[in-house]
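Enquirer: Could you have a look at this structure, given as structure tokens, before my questions?
The values are calculated or read from the model by the stated rules, or taken from the named source; none is laboratory data. Every value quoted in this text rests on a predicted model; they were computed, and no experiment measured them. Cβ atoms come from the backbone with ideal geometry, glycine included; neighbour counts cover every protein chain shown. Please note that ligands, DNA and RNA were not included when accessible areas were found on the heavy atoms of the full protein model with its side chains. Shrake-Rupley method; radii C 1.70, N 1.55, O 1.52, S 1.80 Å.
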Amino acid sequence: MKKLLFTLLSLTLIAVLAACGSDNGGNNASNAAATAGASASPSAAEPVTLVVGASPIPHAEILKAIAPQLEAQGIKLEIKEFTDYVQPNLQLAEGELDANFFQHKPYLDDQNQKNGWNLVSAAAVHVEPFGAYSKKIKSIGELKDGAKVAIPNDATNGGRALILLAKNGLITLKDPNNISSTKADITENKKNLKIIELEAANLPRQLDEVDLALINANYALEAGLVPTKDALFIESGDSPYANLLVTRPEDKDKDAIKKLAAALTSPEAKKFIEDKYQGSIIPAF
């Protein structure tokens, strides 16, 4: 009888110990799963960094304004500023940038064709009305015969400048709507204007040397000029030269680029552009 009782007690103790061991194993498995989940979360939540090339004004300013909006979505903007129109596309094509923001479509198309690139637009953001500036005259009626007129030397902005001169009656072009117009396309120049082609970024610094200079709004703003106040004449708001967010075709549909495009065309971005630039920069959305 005592042996039987001892045997039953032994079996009961073994069962209890086995059950305890089973519980610990289950807890360990649960703990392991929880630990694995915890370690996976931080990497999933790590921010994505986008390196974006931009002209200092207004492009970099607009990007800085929307940076907090993107940061809340897990995207960190690294803004690389350029003062020329060549490097932003070159570095994007070579993979040193994720996107750039400085140019309009005619310029992008021209650069793609000349360099064999296939860079694409991800969003149209704003228009920078092109204007004519002078330190020597206060109206185009004061422009003398043989006056020096400086325009950008790149193909698309040069054509854009000639079109604006034609719209204001200073010259006549074969086709007043041809954005690829050159000086060779001028059919009439009553004032015998001496049209000088210069690097776009240098035009504000040449205002003391010429009678009139046609300057992109970003370079005008950088030089302290206010297009809506200082320009003798300026493009209208229906200009087709909207500035674009540009990227490589394989990156256009990536989540981070889509979120950047959405932020640049958001109500917050529109309000910033309208409030800060007071018509000198016009939202294109």
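Enquirer: Could you give the semi-axes, largest first, of the ellipsoid that matches the range 131-234, computed as the square roots of 5 times the alpha carbon gyration tensor eigenvalues and rounded to whole Å?
Expert: Those come to 20, 15, 12 Å.
Enquirer: Which of the GluC sites (Glu not before Pro) found in the range 132-217 are in a DSSP loop and have at most 15 neighbouring Cβ atoms, other than their own, within 10 Å?
Expert: Those that pass, being in a loop and sparsely packed, are Glu199, Glu209.
Enquirer: I would also like to ask the following. Can you give the net charge of the other residues whose Cβ lies under 12 Å from the Cβ of Ala201, counting K and R as +1 and D and E as -1? If you can, show how the numbers build up before the last one.
Expert: Values: positive: Arg205; negative: Asp84, Asp154, Glu199, Glu222.
For residues surrounding Ala201, the net value is -3.
Enquirer: Distance from the Cα centre of the range 85-146 to that of the range 249-272, in angstrom?
Expert: When both Cα centres are located, 20 Å separates them.
Enquirer: Using 0.36 nm times the number of residues separating Ser180 and Ile137, minus their current alpha carbon distance, what extension gain do you get?
Expert: The span from Ser180 to Ile137 would gain 12.6 nm if fully extended.
Enquirer: What number comes out for the charge environment of Ala122, summing +1 per Lys or Arg and -1 per Asp or Glu over other residues with Cβ under 13 Å away?
Expert: +1
Enquirer: A further question on this structure: Please compute the modelled spin-label separation between Ala67 and Lys190, points set 7 Å along Cα→Cβ, answer in nm with one decimal.
Expert: 5.1 nm
Enquirer: Given the pairs Lys138/Lys183; Lys148/Lys183; Lys64/Lys114; Lys64/Lys271; Lys138/Lys190; Lys105/Lys144, which are separated by over 23 angstrom at their Cα positions?
Expert: Lys138/Lys183; Lys64/Lys114; Lys105/Lys144
Enquirer: Could you check how much of the accessible area of the range 131-234 is carbon and sulfur, as a whole percent, using a 1.4 Å probe? Mind dumping the intermediate values first?
Expert: Numbers: 2190 of 4910 Å².
C and S atoms contribute 45 percent here.
Enquirer: Can you list residues whose amide H is under 5 Å from Asn153's amide H, if they're 5+ apart or on another chain and H is modeled 1.01 Å from N?
Expert: Residues meeting the amide H criterion: Leu198, Glu199, Ala200.
Enquirer: Name the long-range amide H neighbours of Val127: under 5 Å, sequence gap of 5 or more, or other chain; modelled H, no Pro or chain starts.
Expert: Those qualifying (amide H under 5 Å, at least 5 residues apart or on another chain) are Asn243, Ile282, Ala284.
Enquirer: Ordered by residue, what ³J(HN,Hα) values in Hz, to whole numbers, does the range 169-177 give under the Karplus form 6.51 cos²θ - 1.76 cosθ + 1.60, where θ = phi - 60° and Gly and Pro are x?
Expert: x, 8, 9, 10, 10, 3, 10, x, 10
Enquirer: Using mean Cβ contacts within 10 Å as the protection proxy, how do 221-228, 112-119, 56-63 order, highest first?
Expert: 56-63, 221-228, 112-119
Enquirer: Also, I was wondering about something else. With a sphere of radius 15 Å drawn around the Cβ of Glu268, what net charge do the other residues whose Cβ falls strictly inside it have (Lys, Arg +1; Asp, Glu -1)?
Expert: +1
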